[in-house]
């Protein structure tokens with residue numbers, strides 16, 4: 001039975017099986033996690049002992065057999081040649097990603113002189129998501145280039161008591177490869193700190209600590225959150241890379257498969273986790289290539305290039321990097337195309353915020369007018385503020401506030417309250433100024449606003 005067939009069978013098994021055994025393992029582990037004074041190894045040993053009789057219904061006639069040997073540590077390695085494809089991309093495309101793009105994506109100047117040929121991609125599978133000393137990484141997945149081939153190396157801990165040996169093997173690899181940067185997906189919050197903790201507990205130095213680290217989750221959200229419904233690695237791999245990935249195994253199920261393996265020695269429980277981990281590393285590589293390509297396709301003066309939603313993403317990256325002029329041009333170009341209403345409002349907010357800092361009121365007012373014509377309440381408010389405080393045209397500010405209030409009454413109570421307060425203040429100002437002053441200010445304001 002090949003791996004794809006096994007995955008299909010496991011999906012059917014997951015849908016059909018009862019909650020009894022899995023629930024027992026999960027509940028027992030949750031209780032053990034709350035017990036103080038036990039090491040992770042001791043908790044796992046108790047889990048195996050306490051749930052040893054919950055592996056499922058026994059056959060009517062037991063057939064004696066020798067238990068399969070369980071290697072304490074296994075290392076799996078797959079090499080992908082440069083011309084291999086993942087989705088619509090070639091593996092070798094990653095070697096063309098330069099440090100300048102990595103600097104923008106990471107917001108770290110240390111990447112300026114680096115590239116992906118000396119990067120290690122890291123993804124862990126663990127006994128839980130809580131982190132801390134009670135969480136054990138039982139599978140350490142690494143991706144790196146070796147002689148232009150992309151290697152996916154997976155260190156699987158078959159016996160929790162052999163964790164020190166696994167860390168020694170990892171240390172040896174880190175020393176041999178001399179990686180210069182780290183790339184993860186949500187690794188700043190979870191993977192890298194957890195692995196460093198395990199090294200510290202074993203009194204070993206962790207050579208990846210202190211290296212430039214690109215956590216691509218944050219870059220992915222900047223580039224694609226407004227474009228795709230989810231920034232999960234699995235989802236973006238399908239949508240951006242067009243990778244042929246299926247939802248192989250839910251993340252929450254991974255720890256309990258490992259616990260089942262420790263009880264039964266059935267390696268078929270682990271094979272889908274190895275597949276899932278490898279796919280995540282390849283997906284991460286593909287997303288970095290795709291994100292970098294957006295920058296290489298940037299053509300501010302041409303008619304072709306990224307679509308408007310991608311221009312928004314690139315503009316947000318440049319805005320985060322403090323390059324206001326470049327982000328402004330990209331946002332303006334994106335608005336020429338067709339953007340969903342909520343994205344268009346967000347872009348106008350970003351763009352006019354920068355224009356206000358530059359005191360470029362003419363361009364800002366033009367954008368707010370276009371937005372108000374599209375019934376964006378935010379634009380009415382900005383226009384009202386401008387005419388009251390900058391153009392000093394109270395009559396125009398009142399007119400716009402009344403229009404904004406009428407629109408806000410149909411939508412947001414918070415915006416409605418803001419317009420009501422603004423209108424009351426403007427009426428008081430107009431009464432104070434009198435008809436003559438009102439006329440002078442209206443004329444002066446109209447000239448400034450034009």
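Kindly establish whether residue 292 is buried (at least 17 other Cβ atoms within 10 Å of the Cβ) and over 24 Å from residue 173 (Cβ atoms).
On the way: buried (at least 17 other Cβ atoms within 10 Å of the Cβ): yes; over 24 Å from residue 173 (Cβ atoms): yes.
Against the criterion (buried (at least 17 other Cβ atoms within 10 Å of the Cβ) and over 24 Å from residue 173 (Cβ atoms)), residue 292 qualifies.
Suppose we filter the range 106-144 for residues that are touching a strand residue (DSSP E or B) at 6+ places or on another chain (Cβ under 8 Å) and under 16 Å from residue 280 (Cβ atoms); how many remain? Count: 16.
Cβ-Cβ distances below 8 Å connect the following pairs, each with a first residue in the range 372-386 that is more than 18 Å from residue 346 (Cβ to Cβ), a second residue that is surrounded by fewer than 22 Cβ atoms within 10 Å (Cβ to Cβ) and at pLDDT below 90, and a separation of six or more residues or different chains: 386/449. Only a single item in (1) closer than 26 Å to residue 116 by Cα; (2) without any contact (Cβ under 8 Å) to a residue 60 or more places away in the chain; (3) part of a helix (DSSP H, G or I) is not met by residue 144, and it is number (3).
Among the helices (runs of 4 or more DSSP H) contained in the range 190-248, which hold 1 or more residues that are within 24 Å of residue 85 (Cβ to Cβ)? Even if it seems obvious, please write down each step before you answer.
Details: elements: 192-201, 216-224, 233-236.
Here the list reads 216-224, 233-236.
Of the residues 70, 49, 103, the single one that is out of contact with any strand residue (DSSP E or B) (no Cβ under 9 Å at 6 or more places or on another chain), outside any helix (DSSP H, G or I) and either within 27 Å of residue 140 (Cβ to Cβ) or modelled with pLDDT of 75 or more (or both) is 70. Of everything listed in (1) in contact (Cβ under 8 Å) with a residue 24 or more places away in the chain; (2) surrounded by fewer than 20 Cβ atoms within 10 Å (Cβ to Cβ); (3) not in a loop (DSSP other than H, G, I, E, B), the single unmet condition for residue 134 is (3). Here 392, 416 are screened, and the one residue that is at positive phi, in contact with a helix residue (DSSP H, G or I) (Cβ under 6 Å, 6 or more places away or on another chain) and buried (at least 16 other Cβ atoms within 10 Å of the Cβ) is 392. Residue 170 falls short on exactly one of the conditions (1) buried (at least 20 other Cβ atoms within 10 Å of the Cβ); (2) assigned to a strand (DSSP E or B), and that condition is (2).
Consider the range 73-94 and keep the residues that are touching a helix residue (DSSP H, G or I) at 6+ places or on another chain (Cβ under 6 Å) and not in a loop (DSSP other than H, G, I, E, B). The one that is surrounded by the fewest Cβ atoms within 10 Å (Cβ to Cβ) is 73. In this structure, does residue 254 turn out to be within 25 Å of residue 71 (Cβ to Cβ) and assigned to a loop (DSSP other than H, G, I, E, B)? No; evaluated as a whole, the condition is false for this residue. Within the range 174-193, the set of residues being crowded, with 18+ Cβ neighbours inside 10 Å and either free of Cβ contacts under 8 Å to residues at least 40 places away in the same chain or in contact with a strand residue (DSSP E or B) (Cβ under 6 Å, 6 or more places away or on another chain) (or both) comprises 179, 181, 182, 183, 184, 187, 191.
The residue list 420, 410 contains one member that is more than 30 Å from residue 322 (Cα to Cα), part of a loop (DSSP other than H, G, I, E, B) and at pLDDT below 95, which is 410.
Residue-by-condition table, conditions (1) under 28 Å from residue 185 (Cα atoms); (2) modelled with pLDDT of 95 or more:
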position	(1), (2)
254	yes, no
281	yes, yes
332	no, no
357	no, no
370	no, no
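The values are calculated or read from the model by the stated rules, or taken from the named source; none is laboratory data. As the structure is a prediction and not an experimental result, all values here were calculated from the model. Glycine gets a Cβ as well: all are built from the backbone with ideal geometry, and neighbour counts include every protein chain shown.
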